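The values are calculated or read from the model by the stated rules, or taken from the named source; none is laboratory data. Note that this is a predicted model, so its numbers are computed, not measured. Reconstructed Cβ throughout: ideal geometry from the backbone, glycine too, with neighbour counts over all protein chains shown. SASA here: full protein model, heavy atoms, side chains in, ligands and nucleic acids out. Shrake-Rupley method; radii C 1.70, N 1.55, O 1.52, S 1.80 Å.
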Amino acid sequence: MKNKSVLINIAVLLAALLVPVVIKAPYHLHIIILIIIWSIIGTAWNLLGGYAGQVSFGHAAFFGLGAYSAGLLKFHFDISPWWGVLLGPIIATLVSLPIGLICFRLRGPYFALAMLSLGEIFRLLFTNLSNFTNGARGVMIMPDITSKMFYYYISLFILVLTLFTTYRIVNSKVGYYLVSIREDQDAATSLGIPTTLYKNLALLPSAFFTGMAGAFYMNYVAFIDPNIVFNLSNVSVMVILVVMLGGVATTWGPTVGAAIYIFLGELFRATLGSANVLVFGVLVCLIILFLPNGIVGEMNTLKRLVRRKKGLPGGERNEFLRG
Amino acid sequence: MSFFVARKLVKRFGGLTAVSDLSFFLEKGEILGVIGPNGSGKTTVFNLISRFFPLTSGEIFFKGTRIDQLPAHKICELGIGRTFQVVKPLKRMSVIDNVMAGAFLRTNSIGRARQKAEEITDFCALGQYKNVEAKSLPIALRKRLEIARSLATEPELLLLDETCAGLNPRESEGAIALIRRIRDAGITIIIVEHIMKVMMGISDRILAINFGSQIALGKPQEVAGHPEVIKAYLGDAHA
Ligand SMILES: Nc1ncnc2c1ncn2[C@@H]1O[C@H](COP(=O)(O)OP(=O)(O)OP(=O)(O)O)[C@@H](O)[C@H]1O
Ligand SMILES: [Mg+2]
């Protein structure tokens, strides 16, 4: 059982390594790289929002900090923006630390709201501190490398690192504790779980990998401005949709969600003209309504139904959105 | 000093005094029953001991250490486990995962946590449900899961809040048998229960409270015959 899933993962990785050999068109590779970037952000968000149940409406803050770390290294110091891939995650993590320490002590939606405002605060700060950030004009770099294949492998490496790290965290004591906290914080406390500490243990890697995705994005796209990377709807909310689509609190959910989201988004933009956003929005709503556990989540449920376990009298029925 | 000592506990919620000047102690291995009408402050006492609520005033000692300033998770780590009157299962986790969540307090290894959880689910007669999601358990099994999960943290003192409430007589008997087994395993217990017969049979001593204050404390027979207790339960006319 365990060996089988290891084999499947290795097969998926090998297939992923061969992608640029098969797919050569730069546009297609570009779409795939975007999918990978969103898979990284989604996987990072999922650790905190999916497993630990601490929904963040402000992951753009970490994404943007990562992106600007890379961009400003070049802009101010003429240091290779690739160093940002190391610096960005560290800065994002450092910023997440006080947020977690303050918000996780409080019950209720404080964290979600604090994150929402954090993303907006950084957007405004980076727009207005134009001496340091070049303001709304943004930061542009001249990439040394233009081969899409190169960016593909770098992003794939970051995704594998993110997936592997979250997988290890989730399948450990920490993972059990995070899910316990999500399911019932009082029960978790009564079992001796220091809930504030463990929420922070989910937040830090979540911010870290989101920052790394941001720094890679800067290197790849070569231009950012505050409204792109600190964007509420196009980053913070989009990552939530990506994860919900694929499956909250599942290993592959964010990756599957990103693939479908980006692919359909591009498809509709190419075919539907100005109605694309509307159709896309309706479709996302429908999927979330009819597959409330996301695509990977529903597949897991299906598998469980096949290996059917008898329900017990007096228990609750499955909590589907529809009656 | 006794194994567990509560000294002059007071808890106020705004103008309401839920617990007022309550003192009691336990020796190791003892079962102390706490009785009292609805709203008399029993659950609040548990919330004070487990530090889910801070005390307004008073002191609590466990094995000679003062514990009323510690955070709730530390109380559990020191060896005081609790269950909830309104059960709080980790719904979307299986029974065995629920118990493992408790077992991780004393180990970092998944294998060892699982092994201990297996033993405890068997001990609590939950073995056959271990792969069932907690949300699909009926109330009797949910109550037992509360106990199992708490036992996995290896408590020396266990606070049981209305383990038999909502159970039919047969299920109650099962629960009482389980509580006896827990006591035989050497765990000290404070138990809250409404069914007098249960309390009389299982407690070494009983503490009766009303409006958050002690009205009687002693052997079950003494407390059951105490005029204040009869008055609290049956009204003035019977006292
Ligand atoms: N968090 C709270 N905030 C305000 N008042 C509270 C709170 N918890 C309990 N109370 C009040 O304190 C009093 C004691 O409540 P408690 O739950 O301890 O009673 P109980 O003896 O456990 O009752 P029952 O037998 O119904 O479980 C009640 O009047 C209750 O309304
Ligand atoms: Mg109560």
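Residues in the range A:274-294 include at least one that is over 17 Å from the mean Cα position of the chain (by Cα), of a type in the set (Phe, Trp, Tyr) and open to solvent by 40 Å² or more (accessible area, probe 1.4 Å).
Summed over the range B:20-40, residues that are outside any strand (DSSP E or B) and either more than 15 Å from ligand 1 (Cβ to nearest atom) or open to solvent by less than 10 Å² (accessible area, probe 1.4 Å) (or both) total 6. Which is in a helix (DSSP H, G or I), at pLDDT 95 or above and either in contact with a strand residue (DSSP E or B) (Cβ under 7 Å, 6 or more places away or on another chain) or more than 12 Å from ligand 1 (Cβ to nearest atom) (or both), of B:PHE84, B:PHE61, B:PHE46? Every option except B:PHE46 fails the conditions.
Is it true that B:THR43 is within 14 Å of another protein chain (Cβ to nearest Cβ), open to solvent by 30 Å² or more (accessible area, probe 1.4 Å) and either within 16 Å of ligand 2 (Cβ to nearest atom) or over 22 Å from B:GLN221 (Cα atoms) (or both)?
Details: within 14 Å of another protein chain (Cβ to nearest Cβ): yes; open to solvent by 30 Å² or more (accessible area, probe 1.4 Å): yes; either within 16 Å of ligand 2 (Cβ to nearest atom) or over 22 Å from B:GLN221 (Cα atoms) (or both): yes.
Yes.
Listed here are the residues, each with its yes/no results for (1) among the polar types (S, T, N, Q); (2) more than 8 Å from chain A (Cβ to nearest Cβ); (3) closer than 16 Å to A:ASP184 by Cα.
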residue	(1), (2), (3)
B:GLY102	no, no, yes
B:GLY111	no, yes, no
B:ALA125	no, yes, no
B:GLN128	yes, yes, no
B:LEU158	no, yes, no
B:ALA165	no, yes, no
B:ILE176	no, yes, no
B:ARG181	no, yes, no
B:ALA185	no, yes, no
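Taken over the range B:171-203, the criterion of being open to solvent by 60 Å² or more (accessible area, probe 1.4 Å), closer than 30 Å to B:LYS8 by Cβ and more than 15 Å from ligand 1 (Cβ to nearest atom) is satisfied by B:ARG183 alone.
Looking at A:ASN171, A:ASN131, just one residue is more than 22 Å from the chain's Cα centre (by Cα) and open to solvent by 50 Å² or more (accessible area, probe 1.4 Å), and that residue is A:ASN131.
Identify all residues within the range A:55-83 that are within 18 Å of A:ALA44 (Cα to Cα), in a helix (DSSP H, G or I) and not hydrophobic (A, V, I, L, M, F, W, C); write none if there are none. Those that are within 18 Å of A:ALA44 (Cα to Cα), in a helix (DSSP H, G or I) and not hydrophobic (A, V, I, L, M, F, W, C): A:GLY64, A:GLY66.
Are any residues in the range B:130-156 facing chain A (nearest Cβ under 8 Å), more than 18 Å from the chain's Cα centre (by Cα) and open to solvent by 10 Å² or more (accessible area, probe 1.4 Å), and if so, which ones? Answer for the range B:130-156, where residues must be facing chain A (nearest Cβ under 8 Å), more than 18 Å from the chain's Cα centre (by Cα) and open to solvent by 10 Å² or more (accessible area, probe 1.4 Å): B:ASN131, B:VAL132, B:LYS135, B:SER136, B:PRO138.
Residue selection: B:PHE53 fails the criterion of being of a type in the set (Phe, Trp, Tyr) and away from ligand 2 (no atom under 16 Å from the Cβ).
If only residues of the range A:190-246 that are among the hydroxyl-bearing types (Ser, Thr, Tyr) and open to solvent by 20 Å² or more (accessible area, probe 1.4 Å) are counted, the one that is farthest from the other protein chains (Cβ to nearest Cβ) is A:TYR220. Here A:VAL170 clears all of (1) within 14 Å of chain B (Cβ to nearest Cβ); (2) within 30 Å of A:LEU17 (Cα to Cα); (3) without any contact (Cβ under 8 Å) to a residue 12 or more places away in the chain except the condition numbered (3). Take A:LEU106 and decide whether it is outside any helix (DSSP H, G or I) and either within 14 Å of another protein chain (Cβ to nearest Cβ) or open to solvent by 60 Å² or more (accessible area, probe 1.4 Å) (or both). So A:LEU106 passes the test.
Do you know which residues across the range B:31-40 are within 13 Å of ligand 2 (Cβ to nearest atom) and touching a strand residue (DSSP E or B) at 6+ places or on another chain (Cβ under 9 Å)? First the steps, then the outcome.
From the range B:31-40, those within 13 Å of ligand 2 (Cβ to nearest atom) are B:34-40; that's our starting set.
B:VAL34, B:ILE35, B:GLY36, B:PRO37, B:GLY39, B:SER40 - these are the residues of the range B:31-40 that are within 13 Å of ligand 2 (Cβ to nearest atom) and touching a strand residue (DSSP E or B) at 6+ places or on another chain (Cβ under 9 Å).
For the range B:145-153, the criterion of a residue being more than 16 Å from A:ASP186 (Cα to Cα) and of a type outside the set (A, V, I, L, M, F, W, C) is satisfied by no position.
Determine whether the range B:2-12 contains at least one residue that is under 23 Å from B:THR121 (Cβ atoms), open to solvent by less than 20 Å² (accessible area, probe 1.4 Å) and within 16 Å of ligand 2 (Cβ to nearest atom).
Of all residues in the range B:2-12, those under 23 Å from B:THR121 (Cβ atoms) come to none.
Checked against the condition, which is being under 23 Å from B:THR121 (Cβ atoms), open to solvent by less than 20 Å² (accessible area, probe 1.4 Å) and within 16 Å of ligand 2 (Cβ to nearest atom), the range B:2-12 yields no hits at all.
For first residues located in the range B:132-155 and farther than 26 Å from B:ILE75 by Cβ, partners that are open to solvent by less than 10 Å² (accessible area, probe 1.4 Å) and lie 6+ apart or on another chain with Cβ distances below 6 Å form the pairs B:VAL132/B:VAL95.
If the condition is being open to solvent by 50 Å² or more (accessible area, probe 1.4 Å), under 17 Å from A:GLN185 (Cα atoms) and not acidic (Asp, Glu), then the range B:53-86 contributes B:PHE53, B:PRO71, B:LYS74, B:GLN85, B:VAL86. Scan the range B:78-96 for residues that are facing another protein chain (nearest Cβ under 7 Å) and free of Cβ contacts under 8 Å to residues at least 60 places away in the same chain and the total you get is 5. Within the range B:108-124, can you find the residues that are open to solvent by less than 20 Å² (accessible area, probe 1.4 Å) and more than 22 Å from B:ALA175 (Cα to Cα)? Of everything in the range B:108-124, just one residue is open to solvent by less than 20 Å² (accessible area, probe 1.4 Å) and more than 22 Å from B:ALA175 (Cα to Cα), namely B:ALA113. Against the criterion of being within 14 Å of ligand 1 (Cβ to nearest atom) and within 30 Å of A:TYR198 (Cα to Cα), B:VAL95 does not qualify.
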